[in-house]
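The values are calculated or read from the model by the stated rules, or taken from the named source; none is laboratory data. Note that the structure is a prediction, hence the values are computed from the model and not measured. Positions of Cβ are backbone-derived with ideal geometry, glycine not excepted, and every protein chain shown enters the neighbour counts. Accessible surface is based on the protein model in full, side chains and every heavy atom, while ligands, DNA and RNA are left aside. Shrake-Rupley method; radii C 1.70, N 1.55, O 1.52, S 1.80 Å.
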Amino acid sequence: MACASWAQAPQPALDAPPTVAALDTEAPTRELGVVTVSGSRPTSLPTHIPTTTEGVTRQDIERSVNATDSEDALKYFPSLLVRKRYIGDYNHAILSSRASGTGNSARSAVYADGILLSNFLGNGIGGLSFPPRWGLVTPEEIERVDVMYGPFSAAYPGNSVGAVVDYVTRMPTTFEAHGKVGYVAQPFDLYGTHATYHAKQASVSLGDRAGDWAWWLNVNRTDSEGQPLTFANTTKAVAGTGAVPGFNNAGQPWFITGAGTQYDTVQDHLKLKLSYALSSTLRASYVFGLWRNEADGNAQSYVRKADGTPDWSGLNVTREELLHTMHGLSLKSRTRGEWDWEASASLYDYKRDDKRQSAAGDVPPSTSTLADGSGTGWNTLALKGTWRPPQAEGRHVVEFGFQQDQYQLRYQGTSVAGSIAGDGRGTPTSRVQGDTRLRSLWAQDTWQLAEGWKTVLGGRAERWEADNGQTNFTASSGSPWPARHETDFSPKAALSWQWLPATLLKASLGRAVRYPTVNELYGATSTTDSQFINDPGLRPEKSWTAELSAEQDLGPALARLTLFAEDTRDALYTQTTADASAGKNISRVQNVGRVATRGVEAALNANGWLLKGLDLWASVTYADSTIKENAGFVNDPGDTIGKRQPNIPRVRATLLASYQWDEHWTTSLGIRHSGRQFRTLNNADINGFTYMGVSKFTVADLRVLYRIDKRWSAAFGVDNLNNYQYWNFHPYPQRSYTAELKFDL
């Protein structure tokens, strides 16, 4: 996280065509007071746009972060939070940003080398889960990570309203070999569970460049035991012994009778990247990713009945087997002359996606249900051109493109009469399916108005279509849904002014349209409780986002102050409304009329500023995010008006200090803070420190890195050093001890 890492890089000036090696290497540049982005490979983000961007390099991560999963690289970014519950969390690790909570995965966009990792088949975690596919990138692959805050680039869809994250992974210039082994232990003490959970990881990477060819191969295995995540509970008296008394998130007394969803997870990752220079200015690249997951969700009963046997009421077990693959192909020219272009395509495929679950109380299971998602996936196509008009003498750079993203959801539910571990499908019980397509044309012009002034003006025209939708609640009854389409235009604008030699002012404004996902439209048969239903008539979210920033270049430090605002109409949430035909309240995905967010974010990046060898990264964010309009309600009409948006705390803060004692030893201490949050739209969950609550937290992380020699290094760390017990519906990890050994050739 060197100071040069946390900022933007301007569009390169016109120069001679790059060499073959330059196709994978960008020289640092500096213009208009904008701090340099450095690193052996440039980000794919549009860094010339004068808006807030932050970044972290491979060296920073290795020195300062106990990174067991790729999302850990985002731990100390301003205003960001990933809801990671355990090592290898594949189904709930959702990214939260300034005005988007951890229930809104479709409001941020995550890429790796420009390939989409965000899962826009759905939004959130209910039933089927839709976090980014973090497992397709391992920490050992990462060269750098960059984040652009807000929907200010026309090159990205409306899902970028919260943030755009891009992982740039390694590509060698000479032969490289890397190996890493890691171990984590988490003593866990909560309710009636008192145990220590362990995780083991191993990773090997090889790569080389020979003439016009370059290749990279990474394999990784994670074997992880997570802490229990769900807890059986009742407000009634419990027969037997062992129930743990407490209070639910509404502050009412209850009893915890057992723990569930204690995952034993084994994940395998394989990544192959190939690159070939067709000429000195044209390169073709291919990437293949494979991710395999086997997860057993186990249960523990706290209650013993009169005969001494465990009471399994409210508990179940799960077994999951997943095999997902990813392909990416790109062709890019980099002449730095009048014209450049690129074409890219990607495919993400659920080769196998089996989720088995026993009925509540059926432990050990005698029967189960199977949700089969094979055939689900998405594909993308992007064409882009860059024009640098010679007559403009470098003062104009025009970018334009076409994009198409297609999503296909296929889930069939069946009963399984035999073993939960592997018996085949039984009687069909439900089926959901549907397709969406988003076709977009976009353009933006980067214009250096005058000395010290730069503006970017752009727009994005989109046509969204949904069809082939069907929701079968049982094997014999279902609802086919009519096709739909929407057309929208989203303007973008940004302006920067070099007010003083060391002071840069920036302003950005952008509109974003976030369309309903396939699962929100058709897929709400993810539970057997019919009180939760889908809505094929959902309206798209439409947001206006603005920010105003001042950056002060202090030489060895960079200070930034940003005012931001977002106004969202028809925000997509799960809430409860009255259904007259059913005669009761029914939970469903619906549009919330208007949510307004206003806030301020301050960040400081310093390298050797106060003390030689000491690096500091600090941020604090205040956000007031309020529901202004909503025709729906939870219990009574109007009970959500004026309430805070779920999962958005008023205050977030991070501090990371790293001190290099000598050429061998580096010590880092990080602090992460989040204020009080709510999970419900009416903010009725007043007790955050309990199962299904969302609590405040302040946790400290420690890392000690010892470089044995040029090839070997070892690290020891402690996450949640102060052993703070905090929640986001599920419990976060308690104090965890990490150790790793790394080899680099």
Point to revise | the range 229-301 and the range 193-208: distance between their alpha carbon centers, rounded to Å | key: 15 Å
Review point. If r is the Cβ-Cβ distance from A546 to D223 and R0 is 45 Å, what FRET efficiency results, to the nearest 0.05?
Key: 0.45
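Ranking request for peptides 82-94, 293-305: highest mean number of other beta-carbon atoms within 10 Å first, then the rest in descending order.
82-94, 293-305
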Review point. Contour minus end-to-end for T174 and A195, with contour as 0.36 nm per residue of separation and end-to-end as the Cα-Cα distance?
Key: 2.9 nm
Exercise for review: Could you tell me which of rounded, prolate or oblate describes the range 607-745, using a ≥ b ≥ c as the square roots of the eigenvalues of the alpha-carbon gyration tensor, with rounded for a/c under 1.5 and, failing that, prolate when a/b is larger than b/c and oblate otherwise?
Suggested key: prolate
Point to revise | For A239, net neighbour charge (Lys/Arg +1, Asp/Glu -1) across residues whose Cβ lies under 12 Å away | key: +1
Revision key, fill the gap. If the label point sits 7 Å along Cα→Cβ of D264, residues of the range 188-230 with amide N under 16 Å come out as 195-200, 222-229
Practice item. Calculate how large, on average over all directions, the projected area of the Cα convex hull of the range 164-287 is; give the answer in nm² to one decimal. Key: 12.0 nm²
Study note, to complete from the structure: In the chain the accessible area split gives carbon plus sulfur, as whole percent at 1.4 Å, a share of 59 percent
Exercise for review: Please work out how much accessible surface E465 shows to a 1.4 Å probe, ignoring ligands, DNA and RNA, in Å² rounded to 10.
Suggested key: 40 Å²
Exercise for review: Could you quote the convex hull projected area for the range 293-421, Cα atoms only and averaged over all directions, in nm²?
Suggested key: 12.2 nm²
Practice item. Could you sort out which of K84/K332; K355/K742; K355/K542; K492/K628; K506/K710; K384/K542 sit more than 32 Å apart by Cα distance in this structure? Key: K84/K332; K355/K742; K355/K542; K506/K710
Review point. Where does the charge balance sit around A163 when Lys and Arg score +1, Asp and Glu -1, over other residues with C-beta under 9 Å from its C-beta?
Key: +2
Study note, to complete from the structure: Here Rg/Rh (Cα, Kirkwood) for the chain equals 0.95
Point to revise | Per residue solvent-accessible surface (Å²) - the chain, probe of 1.4 Å | key: 37 Å²
Check your understanding: Within a Cβ distance under 9 Å of H673, other residues only, what is the Lys/Arg minus Asp/Glu net charge?
Key -> +3
Check your understanding: In the range 341-412, how does Rg compare with the Kirkwood Rh, expressed as the Rg/Rh ratio over alpha carbon atoms?
Key -> 1.43
